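Heads up, the thing below is written out as structure tokens.
FYI, it's all coordinate maths here, none of it is from the lab. This structure is a prediction, so every number in the text was calculated from the model and none was measured. Glycine gets a Cβ as well: all are built from the backbone with ideal geometry, and neighbour counts include every protein chain shown.
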Amino acid sequence: MKVAAVQMTSTREVAVNLREAGRLVAEAAAQGAKLVVLPENFSFLGATDADRVAAIERSGDGPAQQFLAETAESLGLWIVGGTIPIRDGADRASSRSLLVGPDGRVAAHYDKIHLFDVDIPAGARAAERYSESATTLAGTRVVAASTPVARIGMTVCYDIRFPALFHRLSVLGTDVVVVPAAFTVPTGEVHWRPLLQARAIESLVYVVAAGQWGEHAGGRKTYGHSLILGPWGELLAELPAGPGVVCADLDMIRLAELRQRFPTVVHRREL
């Protein structure tokens, strides 16, 4: 199975972002991808809390959700829709990742569990402070979706720092973990690939990580380096910088054989 990670530099303009996402997903489809992963905040990345509130969609209704349904159906793909701010009646919106099938329907959704409330050590740069929980409702469900192409475990960005989530996904039989992200530059430079490799190795899964890249509204900068890893931690493909698409073939037979020969998931003990 061929998969693709899409890298974007999203803006405040939803329509502009969706056109760019459509162009890149079509490029991935032309390369033969059957599963395409868009980055976190693919449809909108603003500078303020007010910007984000203005982009919130109701569940089942909104331009980003409509885009995913129409694009998946027209191209015959499985698409992981990065994240969209979606409100289900709560006071805050969830940061929701949608898995949409070739029929245009939502097969599964995951609300980001671990929210990015941090002060990044400044070093040589100006300090960066984030408080995602101020406008976002944390999710509570671990999601592993069974599809004809693979069992897909859904995560978002900051989740990669929490191995227990990946442990649970492996127990649920996940084959491919998707990681839409908007990683900061300071943390990305030192932690992005090592964390993703650790999660792939310890859970014996393929990892498809799609990132934001470049400078966004308000001066925020994201790391890029979208990549696809094998279950042994090996780098299969990477796009360090710039908007674009990176693809790789996943060998599901090899994955099954590796798990049989090296059954770490079975060997785990609850301590």
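How big is the charge dipole of the stretch 139-271 about its Cα centre, in debye rounded to the nearest 20, if each Lys and Arg gets +1 on its Cβ and each Asp and Glu gets -1 on its Cβ?
Roughly 400 debye, rounded to the nearest 20.
Let me have the relative contact order for the stretch 1-88, percent, based on Cα pairs under 8 Å that are six or more residues apart.
It comes to 36 percent, rounded to a whole number.
Helix-derived [θ] at 222 nm for the chain: sum -39500 (n - 2.57) over DSSP H runs of at least 4, divide by residue count, nearest 500?
Only helices count here, giving -8500 deg cm²/dmol.
Out of all DSSP beta bridges in the chain, what portion is antiparallel? Express it as a percent rounded to 5.
65 percent
Which one of LEU137, GLY242, PHE44 is farthest out on the positive end of the charge dipole of the chain, using unit charges on Cβ (Lys, Arg +1; Asp, Glu -1) and the Cα centre as origin?
LEU137
Indicate the helices, whole DSSP H runs only, in the chain that combine a mean Kyte-Doolittle hydropathy of -0.5 or more with a Cα extent along their long axis of 20 angstrom or more.
Passing helices, by number: 14-30, 185-203.
Over all directions, the average projected area of the alpha-carbon convex hull for the stretch 1-124 comes to how many nm²?
Seen from a random direction, the Cα hull of the stretch 1-124 projects 8.9 nm² on average.
What's the ranking of 4-16, 129-141, 160-172, 41-53 by average number of surrounding C-beta atoms within 10 Å, highest first?
4-16, 41-53, 160-172, 129-141
Where does each of CYS157, CYS247 land when they are ranked from fewest to most other beta-carbon atoms within 10 angstrom?
Sorted ascending by nearby Cβ count, the order is CYS247, CYS157.
What size of dipole, in debye to the nearest 20, comes out for the chain about its Cα centre when the only charges are +1 on Lys and Arg C-beta atoms and -1 on Asp and Glu C-beta atoms?
Dipole of the chain, to the nearest 20 debye: 480 debye.
Starting with the fewest neighbours, write out ILE253, ILE56 ranked by other beta-carbon atoms found within 10 Å of each beta-carbon.
Ascending number of Cβ neighbours within 10 Å: ILE253, ILE56.
To make sure I understand, if each residue's beta carbon is the centre and we count other beta carbons within 10 Å, what order do LYS221, LYS34 fall in, fewest to most?
Ascending number of Cβ neighbours within 10 Å: LYS221, LYS34.
Any idea which of SER74, VAL205, LEU229 is furthest toward the positive side of the dipole for the chain, if Lys and Arg beta-carbons carry +1 and Asp and Glu beta-carbons -1?
Result: VAL205, furthest along the dipole toward the positive end.
If you take the Cα Rg of the chain and divide it by 2.2 N^0.38 Å, with N the number of residues, what do you get?
Here the Cα radius of gyration is 0.93 times the empirical estimate.
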